[in-house]
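Contents: one structure, followed by commentary.
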Amino acid sequence: MLNRCEDQLIHESDYIFRQYRRPDLARIAAHPTNDAFFKLMEYLYQNRQIVITLINCSASDLWRKIHDLVAVAIGTHATDQIDQNFEITPDLARELLVQNVMTLLKYWLTQPTVITPTGAYQVFIKSRTLSPVDLAQELAANKPVSRLD
């Protein structure tokens, strides 16, 4: 049963990434409905209880499988512009991007009161443009950057 639930969630998530494009930061605000990450958020939101149950189940491999789908969706083109003299390799840069997405998704889905996928997507897009320095400055100023709760 566990495998069947995971397989269904992964199959649908994979389908989303094959059918829809990645975010284009230049034009996202106007039309997020054709974006793979927005569609993934809608899907995870609709299946939130099952996803949370599987995330918390030690026998489940769902979160790693979603991680792998996100890594493929981000692809190598997201890290192609890294200066070759920089000490962060493209593989590490990609993993940092993927971990950021995964952290945001998990935090969003596990809140006692979950905002809509549209609200979560707006936070997701905003987070794509923030550096850790930006986040630290916002934290030091005690200002919320965006709200997921």
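The values are calculated or read from the model by the stated rules, or taken from the named source; none is laboratory data. Owing to the predicted nature of the structure, the values given are computational and were not obtained by experimental measurement. As a convention, Cβ positions derive from the backbone with ideal geometry for all residues, glycine included, and neighbour counts pool all protein chains shown.
Based on what the data block shows, is SER127 hydroxyl-bearing (Ser, Thr, Tyr), at pLDDT 85 or above and surrounded by 15 or more Cβ atoms within 10 Å (Cβ to Cβ)?
The answer is no for SER127.
What is the number of the single condition among (1) under 14 Å from LEU44 (Cα atoms); (2) modelled with pLDDT under 75; (3) among the β-branched types (Val, Ile, Thr) that THR110 does not meet?
Unmet condition: (2).
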